[in-house]
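Participant: Here it is: the structure, laid out below.
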Amino acid sequence: MSSAPVRNDSPNPNVDVDAVVIGAGFAGLYAVHKLREMGLNCRGFEAGSGVGGTWYWNRYPGAGSDSESWVYSYTFSEELEQEWTWSSRFPPQPEILSYLEHVADRFDLKSAFTFNTRVTGARYDEASNRWEVEAANGEKVTATYLVTCVGCLSAAAVPDIAGRDDFAGPWYHTGEWPHDGVDFSGKRVGIIGTGSSGIQAIPVIARQAGHLTVFQRTPNFSVPARNRKLSAAEVAELKKNIKDIREFCRWSTIGQPYDFNGQNALDLAPAELRKRLDEMWEKGGFEWMFGGFVDMLYDQRANDIAADYVREKIRETVKDPAVAEKLIPKDYPIASKRLPLDSGYFETFNRDNVSLVDLRETPIERIVAAGVKTSEKVHELDVLVFATGFDALTGPLIRTGIRGRGGCKLEEKWAEGPRTYLGVASEGFPNMFMVTGPGSPSVLGNMPTSIEQHVDWICECIAHLREQGAARIEPQPEAEAEWNDHVQELANETLFPQANSWYLGANIPGKPRVFLPYIGGFGTYRKLCNEVAEKGYEGFVIS
Ligand code: N01
């Protein structure tokens, strides 16, 4: 990358900048760090009062990472990597937030950001070749480059259930949790949703609440996290080997320190397969699925083996067979919805103070002042929790009010689904870069690995433009169309499209059913991005 000094001819360097970065999570912090290192003048905007992104907003009980701590962090600074010590295998939300606070302070990143300030619009002006960014505080800033670091799962979705505002008690969405916590002691709590957030929160809330009612629409598979404290010896060993571990992640299928084992489940004798699944189950974590047999994601017969294994575990764990049957997913392939990791989720249903309402048997009719009214009865509640997910990937970008050439709104261009090239740029939106946008591996891998790859690639691209004296970059329509077809084709080769998941936008009424992330593997994607750059940004128009 060029280290040539970069000129900033802006009349007002605070208002007319080289780059606007939206969001101060993992992505935005690193983008600011890297762009500043290149000599660019950056302004950042963040809706929250502090840094952290996902980990700023998702403070619900039990929130934490499902990626191993030693890879759920930045690699750009060896000193940072060596000086920070994680407490456990899967770090809890407060620890990740402290880490990001530490990074922001250590590299003086907060000074680039205006906090408590959501970006309300960003318009590309063709005449000046600049982005005009408007913030909720009335500020207007112009920039050569717009770098969106808005997160993939940051637009909370609260379902529009009739009577929602009639509820007499407080209600909360897991993705917008109050900073001073919620005291559930002795309360009758209801929770709607059994995705990853619900599955993390339910065991913890159950331990505090007087009674917890879980409203389940679709039962979920889940694999034990087997979280544990890291010993000093383990930390020392990890730190010693961290370079190799990280290099492995960079080229692995899901950006994690393990990968598919190159074997198909269907090629193994049943006893051997069972032994391997048992060993992996004891280990816990995503590795059980994504460090094992790749045919489980492609071949229904192999997937059935994994699904039946988990079904058996649920039956063994949940004492009441009728409750167990309700908790067992039967109508979609395992892992075709994002596989949650849990710490005692199924065990929670053995508690006397927990009850399960199967919304397929008794659907919600409306919310009333006293609680949730299903077709059976009113479930009386003091507090209601929505663990109902997010308008994933496209939602956070669309709500930013982005308009490209000719005033074209992003939501107009994406009316039938997102159209991007490499998930990083979209034709008609010159000089706009999306970090982990739709069409990139993003949510199908370890997010910090994805984020660092994207930010590095974007910064090298910007350096290239500046070296060439080029004013503008945007995808060629043909390259973009080809990429989008490729993303869909790859998804259609797997079992993923068989589930109604947020990967397909199926959780948001009216959202087009399009597979959102790139499923070809993180290492493959990295290689493709590198090749595009090596070929002079093939598929882009540079002018
Ligand atoms: O959201 P979800 P999430 N009536 O969309 C139900 C990441 N994450 O916040 O399946 C009744 O998965 C919905 O039911 P159904 C991770 O990538 C990571 O849990 O649509 N129920 C479902 O059960 C994850 O996948 C971590 O039928 C309704 C639930 O709400 C992503 O965030 C931790 C409903 C939503 O599940 C999203 O997870 C947490 C309605 N009207 C999250 N509407 C870690 O890394 C929705 N539901 C640890």
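Nothing in this text is a laboratory measurement; each read-out follows from the coordinates by a stated rule. If you're wondering where the values come from, they're calculated on a predicted model, not measured in any experiment. With ideal geometry, Cβ positions are generated from the backbone for all residues, glycine too; neighbour counts draw on all protein chains shown.
Participant: Taking the dipole about the Cα centre of the chain, with the C-beta of Lys and Arg at +1 and of Asp and Glu at -1, give me whichever of G138, T213, S252 is farthest to the positive side.
Facilitator: T213
Participant: Near the amide H of V372, under 5 Å away, which other amide H atoms are found, from residues 5 or more places off or on another chain, if H is placed in the peptide plane?
Facilitator: Here the answer is H379, L381, since their amide H atoms fall under 5 Å of that of V372.
Participant: Suppose a student asked you for the relative contact order of the chain, using Cα pairs under 8 Å spaced at least 6 residues apart; what percent would you report?
Facilitator: 19
Participant: So in the chain, what percent of DSSP beta bridges are antiparallel if you round to the nearest 5?
Facilitator: 40
Participant: Over segment 300-444, what is the relative contact order in percent, taking alpha-carbon pairs closer than 8 angstrom and at least six residues apart?
Facilitator: That works out to 11 percent.
Participant: Can you list residues whose amide H is under 5 Å from G64's amide H, if they're 5+ apart or on another chain and H is modeled 1.01 Å from N?
Facilitator: Q93
Participant: Please give every one of the lysines within straight-line cross-link reach of K409, meaning a C-alpha to C-alpha distance under 17 Å, and leave out same-chain neighbours fewer than 8 residues apart.
Facilitator: Once the sequence-local lysines are set aside, what remains near K409 is K511.
Participant: While we're on this one: For segment 185-242 and segment 492-543, compute the distance between their C-alpha centroids and round to whole Å.
Facilitator: First find each Cα centre; the distance between them is then 29 Å.
Participant: Among the trypsin sites (Lys or Arg not before Pro) in segment 243-347, which ones are in a DSSP loop with at most 15 other Cβ atoms within 10 Å of the Cβ? Mind listing them?
Facilitator: Within segment 243-347, the qualifying trypsin sites (Lys or Arg not before Pro) (loop, at most 15 other Cβ atoms within 10 Å) are K319, K330.
Participant: If I take R0 = 30 Å and measure r between the Cβ atoms of E316 and D244 in this structure, what FRET efficiency does the formula 1/(1 + (r/R0)^6) give, to the nearest 0.05?
Facilitator: Rounded to the nearest 0.05, the efficiency is 0.20.
Participant: Test of understanding: ordering V214, V435, V235, V294 by Cβ neighbours within 10 Å, fewest first, what list do you get?
Facilitator: Placing the least packed residue first, the sequence is V235, V294, V214, V435.
Participant: Rounded to whole Hz and in sequence order, give me ³J(HN,Hα) for segment 306-322 from the Karplus expression 6.51 cos²θ - 1.76 cosθ + 1.60, θ = phi - 60°, writing x for Gly and Pro.
Facilitator: 5, 5, 5, 4, 5, 4, 4, 5, 5, 4, 5, 7, 8, 5, 7, x, 5
Participant: Tell me, what HN-Hα J-couplings in whole Hz come from the Karplus equation 6.51 cos²θ - 1.76 cosθ + 1.60 at θ = phi - 60° for each residue of segment 39-45, using x for Gly and Pro?
Facilitator: For segment 39-45, the Karplus curve yields x, 7, 8, 10, 10, x, 10 Hz.
Participant: Also, I was wondering about something else. What FRET efficiency, computed as 1/(1 + (r/R0)^6) with R0 = 35 Å and r the Cβ-Cβ distance, is obtained for E176 and R351, rounded to the nearest 0.05?
Facilitator: Result of the calculation: an efficiency of 0.80.
Participant: While we're here: Among V119, V357, rank each residue by its count of other Cβ atoms within 10 Å, from fewest to most, as a rough exposure measure.
Facilitator: V357, V119
Participant: From the backbone phi of segment 168-182, what are the Karplus-calculated ³J(HN,Hα) couplings (6.51 cos²θ - 1.76 cosθ + 1.60, θ = phi - 60°) in whole Hz, Gly and Pro given as x?
Facilitator: Once rounded to whole Hz, the list reads 7, x, x, 10, 9, 9, 4, x, 9, 7, x, 5, 9, x, 10.
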